[in-house]
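Visitor: I have a structure I would like to understand better, so I am pasting it below and will then ask my questions one at a time.
The values are calculated or read from the model by the stated rules, or taken from the named source; none is laboratory data. Just so we're clear, the structure is a prediction, and the values are computed from it rather than from any experiment. So basically every Cβ, Gly included, is an ideal-geometry build from the backbone, and we count neighbours across all protein chains shown.
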Amino acid sequence: MTGLAAGDDGALGFPEGFTWGASTAAYQIEGAAGADGKGPSVWDTFSHTPGKVRGGDTGDVACDSYHRYREDVALIASLGLTSYRFSISWPRVQPGGRGAANQRGLDYYRALLDELGEHGITATATLYHWDLPQELQDQGGWAARDTAGRFAEYASLTAGALGDRVARWITLNEPQVVSTNGYRNGDHAPGLRDPAAASAATHHLLLGHGLATRALRAAGAASVGITLDLHPVRVLGDGGSAGLERGRLITDAAANGIYLGPVLHGRYPEHAPEALLPPPALIAGGDLETISAPLDFLGVNYYSPIFLRAGDPADLRRNEQPARCRVPGVVEYLPDDLERTPMGWLVDASGLHQILVDVSRQAPGLPLYVTENGCAAEDYVNPDGEVNDVERVRYLHTHLEAAARAIKDGASLAGYFVWSLLDNFEWGWGYQKRFGIVFVDFGTQRRIPKASAAFYSNVVRANAIPLLPAAWPR
Ligand code: FCB
């Protein structure tokens, strides 16, 4: 069966064999920050620097999944999920980012993979979800070209040791966020505010992806892709003006094209603002060929779109902010009629439909996976001991429906991973923001599946979205 099916009961169906999963990342859940020979990462350093993370929270313990992975795998199995996306901590495998592997680090991931295998759950492993070994940062981090080579070496070594147990490899998670938040704004590790370093990091991350892809293939990896955070750019109201159209092209290039362009087409986009592009001197001959080596799939993380409208950047109205495109007469804004999550992120499921259909137009036939989608909510355990996260149920319902419709409209969507399996260390927000479909009481490490876990599990088991909301928690 291909495409969307509407069953007799009116349910929206997904294609047979559709992959259903949940995502996590090493630093956000593992804890065990110094266990078994692990070296420090930039996130260890950053979270231990006063004033960087809300309330001084760190990932030292997090969800303690390093020790509780069996319980976490059992949870995944109990929900009926077919795949688990987790990330491998580079400094667990290579404490200083180079040289021989730390066997005890590899042993942990082998044990996790074996546990998944025993439950019939496939592994979708991300090699880099932001926890660069601190020693490599001390030598320039992603602003240094050498880091791309080190990353390929780490990829090769890890795939050599674990490859037989991994169904899908994801090289990088959201290189855009690493460059923008880590090197340009400084609100993520390593906390730099250095535009030149940020542009260099963009290119070296992409090069690292390309070199790692080659290394993974040489090690016999089954399937290789990259995960990008994508942001549909939407113009509401009078979208017809030349300024707004130019603004849309530039914004799309800045937010998406700088990463999608090199990976899919071997070139940086023509409309991208020069300030964001790596200077030509950093782009060696052959780099773009390496970066655009064919992929087996593309991972798409979707949370929120970007809205543009006509406005005066010098006289911003409520909900408006200066536009990154810097086109005169254009502003970015947050529409009043869209809900916002506690992160302040707009909720707009139609943006997921738009981005999936758009990317499939750009890369016909390339399998796409939504590798992250979900929302923060103000979850609490009620007097019955339950977490009734109605906002997240609604969020997942509308976004899964958008994903199903995108398939109908031509998107080659092969799977969906909710962010996140567990409440976890949400980077600069610490433990304040809860994204899990499973509640974590961080004091006791007790896991409580939320109403959204039950809802999601029903969708997964039916491989379809029931259309009758009466059956869902309110
Ligand atoms: C994404 C990150 C993920 C998580 C979600 C909320 O940008 O990849 O680790 O923090 O946002």
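Visitor: Scan segment 228-238 and give yes if some residue there is closer than 28 Å to TYR154 by Cα, part of a loop (DSSP other than H, G, I, E, B), of a type outside the set (Ser, Thr, Tyr) and within 16 Å of the ligand (Cβ to nearest atom), otherwise no.
Guide: Of all residues in segment 228-238, those closer than 28 Å to TYR154 by Cα come to 228-230.
Those still in the list that are part of a loop (DSSP other than H, G, I, E, B) too: 230.
Filter again for of a type outside the set (Ser, Thr, Tyr), leaving 230.
Still in the list and also within 16 Å of the ligand (Cβ to nearest atom): 230.
Scanning segment 228-238, I find at least one residue that is closer than 28 Å to TYR154 by Cα, part of a loop (DSSP other than H, G, I, E, B), of a type outside the set (Ser, Thr, Tyr) and within 16 Å of the ligand (Cβ to nearest atom), so the answer is yes.
Visitor: Another one. Suppose we filter LEU206, LEU192 for residues that are more than 16 Å from the ligand (Cβ to nearest atom), out of contact with any Leu (no Cβ under 6 Å at 6 or more places or on another chain), under 23 Å from GLU135 (Cβ atoms) and in a helix (DSSP H, G or I); which single one remains?
Guide: None of the other options fit; the residue is LEU206.
Visitor: Now for a separate question. Can you name every residue in segment 361-385 that is away from the ligand (no atom under 14 Å from the Cβ) and small (Gly, Ala, Ser)?
Guide: Hits for segment 361-385 are ALA363, GLY365, GLY385.
Visitor: Could you pull out the residue among ARG405, ARG394 that is away from the ligand (no atom under 16 Å from the Cβ) and surrounded by 20 or more Cβ atoms within 10 Å (Cβ to Cβ)? Explain how you work it out, then say what you get.
Guide: On the way: ARG405 fails: surrounded by 20 or more Cβ atoms within 10 Å (Cβ to Cβ).
None of the others qualify; the one that does is ARG394.
Visitor: Going through segment 207-229 one residue at a time, which ones are more than 19 Å from ALA161 (Cβ to Cβ) and among the hydrophobic types (A, V, I, L, M, F, W, C)?
Guide: Answer for segment 207-229, where residues must be more than 19 Å from ALA161 (Cβ to Cβ) and among the hydrophobic types (A, V, I, L, M, F, W, C): LEU207, ILE226, LEU228.
Visitor: (1) of a type in the set (A, V, I, L, M); (2) in a helix (DSSP H, G or I); (3) buried (at least 23 other Cβ atoms within 10 Å of the Cβ): which one isn't true of VAL418, the others all being true?
Guide: Unmet for VAL418, out of (1) of a type in the set (A, V, I, L, M); (2) in a helix (DSSP H, G or I); (3) buried (at least 23 other Cβ atoms within 10 Å of the Cβ): (2).
Each row is one residue, and each column tells you yes or no for (1) over 16 Å from TYR303 (Cα atoms); (2) in contact with a Leu (Cβ under 8 Å, 6 or more places away or on another chain); (3) among the β-branched types (Val, Ile, Thr).
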| residue | (1), (2), (3) |
| --- | --- |
| LEU334 | no, yes, no |
| ASP348 | no, yes, no |
| LEU356 | no, yes, no |
| ARG361 | yes, no, no |
| PRO367 | yes, yes, no |
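Visitor: Among the listed residues VAL42, VAL61, VAL73, identify the single one that is within 16 Å of the ligand (Cβ to nearest atom), at pLDDT 95 or above and not polar (S, T, N, Q). Walk me through it before giving the result.
Guide: Details: VAL61 fails: within 16 Å of the ligand (Cβ to nearest atom); VAL73 fails: within 16 Å of the ligand (Cβ to nearest atom).
Among VAL42, VAL61, VAL73, only VAL42 is within 16 Å of the ligand (Cβ to nearest atom), at pLDDT 95 or above and not polar (S, T, N, Q).
Visitor: Being of a type in the set (A, V, I, L, M) and crowded, with 22+ Cβ neighbours inside 10 Å is the filter; apply it to segment 301-322 and report the residue that is farthest from ASP252 (Cα to Cα).
Guide: First pass over segment 301-322, keeping only residues of a type in the set (A, V, I, L, M): 306, 308, 310, 314, 316.
Okay, now just the ones that are also crowded, with 22+ Cβ neighbours inside 10 Å, so 306, 308.
On the way: ILE306: 9, LEU308: 11 Å.
In this case the residue turns out to be LEU308.
Visitor: What number of residues in segment 260-295 are part of a helix (DSSP H, G or I) and touching a Lys or Arg at 6+ places or on another chain (Cβ under 8 Å)?
Guide: The qualifying residues number 4.
Visitor: Scan segment 423-436 for residues that are surrounded by 23 or more Cβ atoms within 10 Å (Cβ to Cβ) and out of contact with any Ser or Thr (no Cβ under 6 Å at 6 or more places or on another chain) and jot them down.
Guide: Step one: filter segment 423-436 for residues surrounded by 23 or more Cβ atoms within 10 Å (Cβ to Cβ), giving 423-425, 427, 434-436.
Result: ASP423, ASN424, PHE425, TRP427, ARG434.
Visitor: Since TYR183 meets every condition but one in (1) out of contact with any Leu (no Cβ under 7 Å at 6 or more places or on another chain); (2) in a helix (DSSP H, G or I); (3) surrounded by 23 or more Cβ atoms within 10 Å (Cβ to Cβ), which condition does it not meet?
Guide: (1)
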